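The values are calculated or read from the model by the stated rules, or taken from the named source; none is laboratory data. Quick caveat: nothing in here was measured; it's all calculated off a predicted structure. Here Cβ is always computed from backbone atoms with ideal geometry, including for glycine, and neighbour counts include all displayed protein chains. Surface areas here come from the heavy atoms of the whole protein model, side chains and all, with no ligands, DNA or RNA. Shrake-Rupley method; radii C 1.70, N 1.55, O 1.52, S 1.80 Å.
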Amino acid sequence: MVHGVPSPGLLIFDCDGVLIDSETLACQAIADELAGWGLRYEGAEVAKRFAGYTDQQIADQVTQETRVSLPKDFPLRVQNRALEAFETSLKTPPGIHELLRSEQRPRCVASNSGRNRLRRALEIVDLLDFFGARSLFSAEQVPQPKPAPDLHLLAAGMFGFAPENCLVIEDSGTGVQAARNAGMQVVGFLGATHLDRSERTAQAQHLSSLGAVAIFNDFKSLGDWLRQL
């Protein structure tokens, strides 16, 4: 045990904003789809207000706020827009390939994204082989998405680990809450490009207040920390 954190048996990675630097692209896709229904949301506003939410949760919240009924296939429309942008512009935060090559613990992905979008995004940036299809868990598989604990508990159960033997890597308050609700240790990762310096400082404080045991701005420092556990 280092820094009061037990050595984890299973690493559970969030996807958007952690494994892939996707938040700017994904939030713009949501804003563009909302614009088609006469609703003006800037991509930065979507990122600030709805980070970590499912597309359906966003649709529900926007409908509640505006009284505009969005179509049932809103999540699919957003997914298609996002994937179109991903095909040409998606990148990863620096250092993730090196971390995954060096880290020998069992690992998986638990994301509020749709399953098809999750798989294709990891494929585009050459990360899918580090996990495999049976290590990808989507909110589509559980009754309640993050911040409920369902998704993280599903992942842990499928790998045969108790919650206290898992470490979750998340970039959003929604994800940190989900991990803590599942009884898991969680760290914050703030290495994606959608946050400027002041936003990163504020988000670090926010994630720490929700229970993140450490905050990392790059994968090298996260990897060094993991090797000490």
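Would you mind stating whether Gln79 is closer than 30 Å to Asn165 by Cα and open to solvent by 10 Å² or more (accessible area, probe 1.4 Å)? So Gln79 does not fit the description; no. Only one of the numbered conditions (1) closer than 28 Å to Ala85 by Cα; (2) in contact with a strand residue (DSSP E or B) (Cβ under 6 Å, 6 or more places away or on another chain) is not met by Phe161, and that is (1). Consider the range 149-172 and keep the residues that are of a type outside the set (Val, Ile, Thr) and open to solvent by less than 10 Å² (accessible area, probe 1.4 Å). The one that is farthest from Ser135 (Cα to Cα) is Ser172. Pairs linking a residue in the range 24-50 that is closer than 16 Å to Asp171 by Cβ to a residue that is open to solvent by 60 Å² or more (accessible area, probe 1.4 Å) and of a type in the set (Lys, Arg), with Cβ atoms under 7 Å and 6 or more positions apart or on different chains, do not occur. Would you check which residues across the range 51-72 are part of a helix (DSSP H, G or I) and either surrounded by 12 or more Cβ atoms within 10 Å (Cβ to Cβ) or in contact with a helix residue (DSSP H, G or I) (Cβ under 6 Å, 6 or more places away or on another chain) (or both) and list them? Matches in the range 51-72: Asp55, Gln56, Gln57, Ile58, Ala59, Asp60, Gln61, Val62, Thr63, Thr66.
Considering the range 138-148 alone, what residues qualify as being surrounded by fewer than 24 Cβ atoms within 10 Å (Cβ to Cβ) and over 26 Å from Gly95 (Cα atoms)? Within the range 138-148, Glu140, Gln141, Val142, Pro143, Gln144, Pro145, Pro147, Ala148 meet the criteria. Of the residues making up the range 212-229, just one is assigned to a loop (DSSP other than H, G, I, E, B), farther than 23 Å from Pro147 by Cα and open to solvent by 60 Å² or more (accessible area, probe 1.4 Å), namely Asp218. Count of the range 82-102 residues, restricted to those that are open to solvent by 10 Å² or more (accessible area, probe 1.4 Å) and part of a loop (DSSP other than H, G, I, E, B), is 5.
Applying the selection to the range 183-211, what residues are small (Gly, Ala, Ser) and open to solvent by 10 Å² or more (accessible area, probe 1.4 Å)?
Gly183, Gly191, Ser198, Ala202, Ala204, Ser208, Ser209, Gly211
Of the strands (runs of 3 or more DSSP E) lying entirely inside the range 103-179, those carrying at least 1 residues that are closer than 22 Å to Leu190 by Cα, in contact with a helix residue (DSSP H, G or I) (Cβ under 8 Å, 6 or more places away or on another chain) and without any contact (Cβ under 8 Å) to a residue 40 or more places away in the chain are 136-138. Considered as a group, the residues in the range 103-133 that are open to solvent by 80 Å² or more (accessible area, probe 1.4 Å) and under 14 Å from the mean Cα position of the chain (by Cα) include one that is nearest to Leu226 (Cα to Cα), and that residue is Arg119. Can you find a residue that is modelled with pLDDT under 95, acidic (Asp, Glu) and open to solvent by 70 Å² or more (accessible area, probe 1.4 Å) anywhere in the range 34-43? Yes, because at least one residue in the range 34-43 is modelled with pLDDT under 95, acidic (Asp, Glu) and open to solvent by 70 Å² or more (accessible area, probe 1.4 Å).
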